[in-house]
Amino acid sequence: MGVVRQFTKTIAERAKGAEVMQSLTPDQQVVKIVNEELTALMGAASVGMPMSPRPPTVVLMAGLQGSGKTTCTAKLARHYQQQGRAPMLIACDVHRPAAAQQLAVLGEQIGVPVYREDGTDAVAIATRGIAEALVIVDTAGRTVIDAAMMDELVRVRDAVKPTAVVLVLDAMTGQTAVEVATAFQEAVQFDGAVLTKLDGDARGGAALSLRAATGRPIYFVGTGEKVEALEPFHPDRMASRILGMGDVLSLIERAQQTVDVGDAKELEKKILGGGMTLDDFANQLLQVRKMGPIGQLLGMMPGFGKMKGMKDVQVDEKQLDRIQAIISSMTPAERRRPEIINGSRRQRIAAGSGTSVQEVNQLLAQFKQMRKLMKRIGKGGLPPILGT
């Protein structure tokens, strides 16, 4: 609460003495001040995780059970793997059944080696697992903070002498996450944090208070369960999302990581020429879904939450699954030329995709309308809704 009181006091003081800029209305001026103070509260600039000038860089992961720590360990490994590094994982959670197996499965998915043993001495496992590489050590979590947990964590830290101690926090716990961070800071003096399950603006409370309460930066945020759902934390972008102003830069970065520029240009020609097929449509749907949940992507668009009826919109991801299933049940000829799909073909497609003929008809009608619209735009015309 102290952070909140100081924050509102600062906003009030700045707003009282502020002169309204010519390009802004008074309410826009207040939003500008709030945005700047939110950014400053969360650290002003993005902070990267420290790296050792000499191998190995050792990262010690800490956190409570259920915070997503083991998954976050694999996400972090993948992140640095994408940057050309050669990370290695060490499974030191000797208390939770199957924890080492979970890390091994995740490591196999991303092609990162995992060091594991059957013993119960986490300190010995961590010490033997250190290699000449970027090493990420996954430690045990507990449902609550206890002396035994902290003692083991401190002993592992002292044994491996990590370059960075990273605390994994569940953003869904809100201000409780800050209380957990304060306890870990007193015990192990962590260097920075990763906020998991931060997939909506309503879960920004922990991000707002963490730095002010502990003085430690947030390195990354987890935005989903998949191993690729990890992003560097940018205070200015988080402030914009909290205020409903979107996060266009993060949206662009996701697109750049997912979409091939050459394929996109080729598809643009086909779309504007009226030659887009259902294969193209399915491929684009797959590319977009790789960027993250559709609802999350829409939330990054400026002003989307303020649009009438859009604030609480829920995108049915299962409906997208049904669309992909319908297209997959078509023959190559049907996907290229949907106009040949007659009644019997529609029944076959519906049966093969586990959907109804009505859903098949709806998809075909929407695709026909979309292709007609794109072809008109390609010829320089505008749809009636956009025309003058």
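Residues in segment 305-331 that are of a type outside the set (Asp, Glu), surrounded by fewer than 17 Cβ atoms within 10 Å (Cβ to Cβ) and at pLDDT below 75: Lys306, Met307, Lys308, Gly309, Met310, Lys311, Val313, Gln314, Val315.
Residue-wise test of (1) in a strand (DSSP E or B); (2) outside the structural domain of Met149 (by TED's automatic domain parsing); (3) acidic (Asp, Glu); (4) modelled with pLDDT of 85 or more.
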{"site": "Met21", "(1), (2), (3), (4)": "no, yes, no, no"}
{"site": "Val47", "(1), (2), (3), (4)": "no, yes, no, yes"}
{"site": "Ser52", "(1), (2), (3), (4)": "no, yes, no, yes"}
{"site": "Thr71", "(1), (2), (3), (4)": "no, no, no, yes"}
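Scan segment 96-120 and report the pairs whose first residue is outside the structural domain of Ala148 (by TED's automatic domain parsing) and whose second residue is of a type outside the set (S, T, N, Q) and in a loop (DSSP other than H, G, I, E, B), with Cβ atoms within less than 7 Å and a gap of 6+ or a chain change. Sorted first by the residue in segment 96-120, then by its partner, the list stays empty.
Yes/no per residue for (1) closer than 18 Å to Glu225 by Cα; (2) surrounded by 20 or more Cβ atoms within 10 Å (Cβ to Cβ); (3) of a type outside the set (S, T, N, Q):
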| site | (1), (2), (3) |
| --- | --- |
| Val34 | no, no, yes |
| Ala40 | no, no, yes |
| Ala86 | no, no, yes |
| Leu89 | no, yes, yes |
| Leu106 | yes, yes, yes |
| Pro113 | no, no, yes |
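Among the residues of segment 86-141, which ones are basic (Lys, Arg) and outside any loop (DSSP other than H, G, I, E, B)? Arg128, the sole residue that qualifies.
Checking each residue in segment 45-62 for being crowded, with 20+ Cβ neighbours inside 10 Å and under 18 Å from Glu231 (Cβ atoms) picks out Val59, Met61. For segment 129-152, a residue qualifies if it is in contact with a strand residue (DSSP E or B) (Cβ under 6 Å, 6 or more places away or on another chain) and either surrounded by 19 or more Cβ atoms within 10 Å (Cβ to Cβ) or acidic (Asp, Glu) (or both), and the qualifying residues are Gly129, Leu134, Val135, Ile136, Val137, Asp138, Thr139, Gly141.
The values are calculated or read from the model by the stated rules, or taken from the named source; none is laboratory data. These numbers come from a predicted model, not from an experiment. Every residue, glycine as well, gets a Cβ built from its backbone with ideal geometry; the counts of neighbours run over all protein chains shown.
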